[in-house]
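Let me begin by presenting the structure, written as structure tokens, before commenting on it.
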Amino acid sequence: MKLENQNIIIVSHEPWGDIWYSKHNWAFELSKKNNVFFINPPSNWKISNLWNFGVTTESYTKTLQIVNYRSILPFTRWEIIYKIDDFTISKMINKWLVKRKITNVIFWTFDPYRFSNPKIFHPSKIIFFRVDKCNVKRINRESMLLKNCSHIIVTSAELIKEIKIKCDYLVLSHGIADEEFESNNSVPYEKDYFLYVGNIDHRLDINLIDKMLREFPNERFLFIGKLFKQDNKLFQAIFYEKKYKNLILHGVEHFKRLKNYIYYSKACLVPMDLEIHGNAVHHHKSLQYLAMGKPVISPIFLDAINKEELLISYKTIDEAIDKINKITGFENKDMISKRINFAKQFTYTKLIIDVENFIFNKVT
């Protein structure tokens, strides 16, 4: 069998929109040869949900449907309430699928907190793609899901260490689409800026960012992503009080347009704080940076993307500043070509074949 002409349910804890994470990219890529139903997280609970619930959909493409639903019961710390709601919603969505003759589905979830018993959907395969560590307060829900899985995929071996599994697992890197290697559009900024793409939140190394902005006042630092509020005073001063004039906050940009901004950058930043929960592995944005041949200034992560000879890695803030200062010394045509060729190893076209061989027990 192949991952073609299948009905695939993808469950995401992050909704469909301009911001794309790995689950959005996988849904889009799989929909090129399959029918994909991307189940959004539920909207905030209202009392009217008790009598006004159901499934609604919108089409992103002919083969990619975005599925929305409302929780019947409110979110609560009581697990019994969660289980009742989860069971009821699962039955409701399964009834919706059966009514449309969507059967023999592959259940593919990125969300460890919902649909803990996917057998309700009578799937041919149950895949849990673990891209992050579970919230300790909800670890029981993930444990329930793990008991029901037929296959587990992780983006790093680090994500398999602390969980108990009874099925096979596959370590698979983040991926990149084939079209991410070309850009021909202009952007509303002068070229040669330092670029960060991603959420602007607690996971950033704010002390490093502060020092970068201070040490290089004549360089422009462009941050593209959703800005979140934080209690950290330095974070507020930088991103809300606009402490530095060389910082440009662009806001959210549609994922498929990010490559144009990468193309015109001088170098790309991955200024993550490795002490923060879930920051041990690279983000898929790093592959986008490499696909354009750009130098990537990054801490040392624990996954396949962490090629120190291709990335400009650092262990300390001072080392990061020193390497930014010497950025031109890292650049030559051979290095640019090596970065692009490295990224090409991780195209979704290739990764889908790896998943196909894994879930259908093919010998490679």
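Largest first and in whole Å, give the semi-axes of segment 93-174's equivalent ellipsoid, each being the square root of 5 times a Cα gyration tensor eigenvalue. Write out the running numbers ahead of the final one.
On the way: eigenvalues 114, 39, 21 Å².
Over the Cα atoms of segment 93-174, the semi-axes work out to 24, 14, 10 Å.
Scalar couplings 3J(HN,Hα) for segment 188-197, obtained by applying the Karplus form with A = 6.51, B = -1.76, C = 1.60 to θ = phi - 60°, are x, 9, 5, 6, 6, 9, 7, 10, 10, 10 Hz; x denotes Gly and Pro. The GluC sites (Glu not before Pro) of segment 93-179 meeting both criteria, a DSSP state outside H, G, I, E and B (loop) and at most 10 other C-beta atoms within 10 angstrom of the site's C-beta, are Glu162.
Against the chain, whose longest principal axis comes from its Cα atoms, helix 79-99 is set at around 80 degrees.
Give Lys211/Lys326; Lys191/Lys326; Lys2/Lys164; Lys229/Lys266; Lys229/Lys259 a once-over and call out the pairs whose C-alpha atoms are over 24 Å from each other.
On the way: Lys211/Lys326 16 Å; Lys191/Lys326 19 Å; Lys2/Lys164 29 Å; Lys229/Lys266 28 Å; Lys229/Lys259 27 Å.
Long pairs (Cα-Cα over 24 Å): Lys2/Lys164; Lys229/Lys266; Lys229/Lys259.
Only the Cβ atoms of Lys and Arg (+1) and of Asp and Glu (-1) were treated as charged; on that basis the dipole of the chain about its Cα centre amounts to roughly 1260 debye. Under 5 Å between amide hydrogens, built in the peptide plane, is the criterion, and for Lys125 it picks out Phe107 among residues at least 5 positions away or on other chains.
Between segment 146-195 and segment 236-259, what is the C-alpha centre distance in whole Å? Between the Cα centre of segment 146-195 and that of segment 236-259, the gap is 24 Å. In the chain, the longest principal axis of the Cα atoms and the axis of helix 348-359 are about 40 degrees apart. Quotient of the Cα radius of gyration of segment 178-345 and 2.2 N^0.38 Å, N being its number of residues: 0.97.
Computed over the alpha-carbon atoms, segment 191-240 gives an Rg to Rh ratio of 0.94, Rh here being the Kirkwood radius from the mean inverse distance. Percent relative contact order of segment 178-345, based on C-alpha pairs within less than 8 angstrom and at least six residues apart? Relative contact order, segment 178-345: 24 percent. Specify the residue with the greatest mean-square fluctuation among Ile165, Ile152, Ile297, computed from a Gaussian network of the chain linking alpha-carbon atoms under 10 Å apart. Checking each option, the largest mean-square fluctuation is seen for Ile165. When only alpha carbons of segment 131-226 are considered, Rg and Dmax amount to 19.8, 55 Å. Distances between placed amide hydrogens fall under 5 Å for Phe360 paired with no residue 5 or more residues away or on another chain. A straight chain from Met144 to Ile81 at 0.36 nm per residue would run longer than the Cα-Cα distance by 21.1 nm.
Full extension of the chain between Met1 and Ile102 yields a length gain of 34.5 nm, computed as 0.36 nm times the residue separation minus the alpha carbon distance. To check you understand DSSP bridge types, tell me what percent of the beta bridges within segment 178-345 (both residues inside) are antiparallel, rounded to 5. Percent antiparallel among DSSP bridges in segment 178-345 is about 5. Here segment 178-345 is treated with +1 on each Lys and Arg Cβ and -1 on each Asp and Glu Cβ, and its dipole about the Cα centre works out to around 380 debye. Modelling each spin label as a point 7 Å along the Cα-to-Cβ direction, I'd like the Val171/Lys245 distance in nm, to one decimal. A separation of 4.9 nm, rounded to one decimal place.
Semi-axes of the equivalent ellipsoid of segment 55-197 are 31, 22, 17 Å, computed as sqrt(5λ) over the eigenvalues of the C-alpha gyration tensor in descending order.
We did not get these values from a lab; they are worked out from the coordinates using the rules stated. Quick caveat, the model's predicted, so the values are computed rather than measured. Cβ sites come from the backbone with ideal geometry, for glycine too, and all protein chains shown count toward neighbours.
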